[in-house]
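The values are calculated or read from the model by the stated rules, or taken from the named source; none is laboratory data. As the structure is a computational prediction, the values presented were derived from the model and not from experiment. Ideal geometry is used to build each Cβ from the backbone, glycine not excepted, and the neighbour counts take in all protein chains shown. Areas reflect the complete protein model, heavy atoms only, side chains present, ligands, DNA and RNA absent. Shrake-Rupley method; radii C 1.70, N 1.55, O 1.52, S 1.80 Å.
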Amino acid sequence: MPNIKPISDLRNYTSVVKEVNYGSRVYLTKNGHGQIAMINMQELDDLEKQLALYRFQIEMQKGEQSIATEGTISSKELRKELGI
């Protein structure tokens, strides 16, 4: 069950922060609409790592698809293209 609180509860910041744990976020609302999410730092780091891995996998899939459709070039052709 999501932990949803009005933003006015931040007046007692310490009690709100104590409710933030790994996997247990606190969502703050203003006038009944979502405004802020408080998340554990370790969870945020893990989510960022997962996002980076996901983006890497997408780029790898694009590269594999490019190789399948366009083929590859030899190292000599690459050196010539790069001017090495």
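Return yes or no: is Ser24 closer than 23 Å to Ser8 by Cα and hydroxyl-bearing (Ser, Thr, Tyr)? When the stated conditions are applied, Ser24 passes them.
Taking helices (runs of 4 or more DSSP H) as the structural unit, those lying wholly within the chain and holding at least 3 residues that are out of contact with any strand residue (DSSP E or B) (no Cβ under 6 Å at 6 or more places or on another chain) and open to solvent by less than 50 Å² (accessible area, probe 1.4 Å) correspond to 41-70. In region 37-60, the residues that are at pLDDT 95 or above form Cβ pairs under 7 Å with partners that are surrounded by fewer than 10 Cβ atoms within 10 Å (Cβ to Cβ), at six or more places apart or across chains, as follows: Glu43/Gly23.
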